[in-house]
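Participant: Take a look at this one; I'll ask things after.
Bear in mind that the values in this text are calculations on the coordinates, not laboratory data. What you see is a predicted model; the values in this text were computed from it and never measured. Every residue, glycine as well, gets a Cβ built from its backbone with ideal geometry; the counts of neighbours run over all protein chains shown.
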Amino acid sequence: MKKSLLTLLLALCVSPLLSLAQQAAAPVARPDVEELLTIMRVEKTMQDAMAQVKKIMAQTIAAQPKLSAEESTKTTAMQEKIFGLIEQEMSWQNIKPEMVRIYGESLTPEEVKGITAFYKSPAGQAFLDKQPVIMEKTVAWQQKMMAGLMPKIQAAVQSEVGASAPKAPETK
């Protein structure tokens, strides 16, 4: 009788703890994560980023003075082929399941609800509306920084290559 009573008390004490542990480890519901990704406009953001990269690559190719018309055409065709492959593999349809999994594993249900509430709010919507402009300005600023940094990088590489290049034997 004592053993049965002890077992019952133990079960009553442990049961709520197990329930709490299971709730803490429970993943976020897939529809909640999908709603968050939709509200955050992740698909559109990815499309916009890809378009921006394409634009930058096209500008880079066009700015190459050393390319002949034929080389430029071949380079552009290769760029389009590469971006076609990237767009196919990185399509929203292909990456959405993994994004849902990552967000679902990384965030708690409460965090997903809070973030979703923010993005549904006027401030969240304003942020999403302005995000493309913010990204465009950030990329332009980074390009300017890199343009100023490139001579320093080239000098450092040249210095390193020059220092490690074998010296020609001296002739007497």
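Participant: Over 24 Å between C-alpha atoms is what I'm after, so list which of 74/137; 44/81; 55/120; 55/130 land there. Each step should come with its number before you reach the end.
Facilitator: Details: 74/137 30 Å; 44/81 22 Å; 55/120 31 Å; 55/130 20 Å.
In this structure, 74/137; 55/120 lie more than 24 Å apart at Cα.
Participant: Still on this structure: Relative to the Cα centre, what is the charge dipole magnitude of the range 26-138, using +1 at the beta carbon of each Lys and Arg, -1 at the beta carbon of each Asp and Glu, and rounding to the nearest 20 debye?
Facilitator: 300 debye
Participant: Find the Rg to Rh ratio for the range 26-138, where Rh is the Kirkwood radius over alpha-carbon pairs and Rg uses the same atoms. Don't skip to the answer; put the middle values down first.
Facilitator: Numbers: Rg = 18.6 Å, Rh = 16.5 Å.
So for the range 26-138, dividing Rg by the Kirkwood Rh gives 1.13.
Participant: What is the Cα centroid distance between the range 142-162 and the range 50-106, reported in whole angstrom?
Facilitator: So the two Cα centres are separated by 25 Å.
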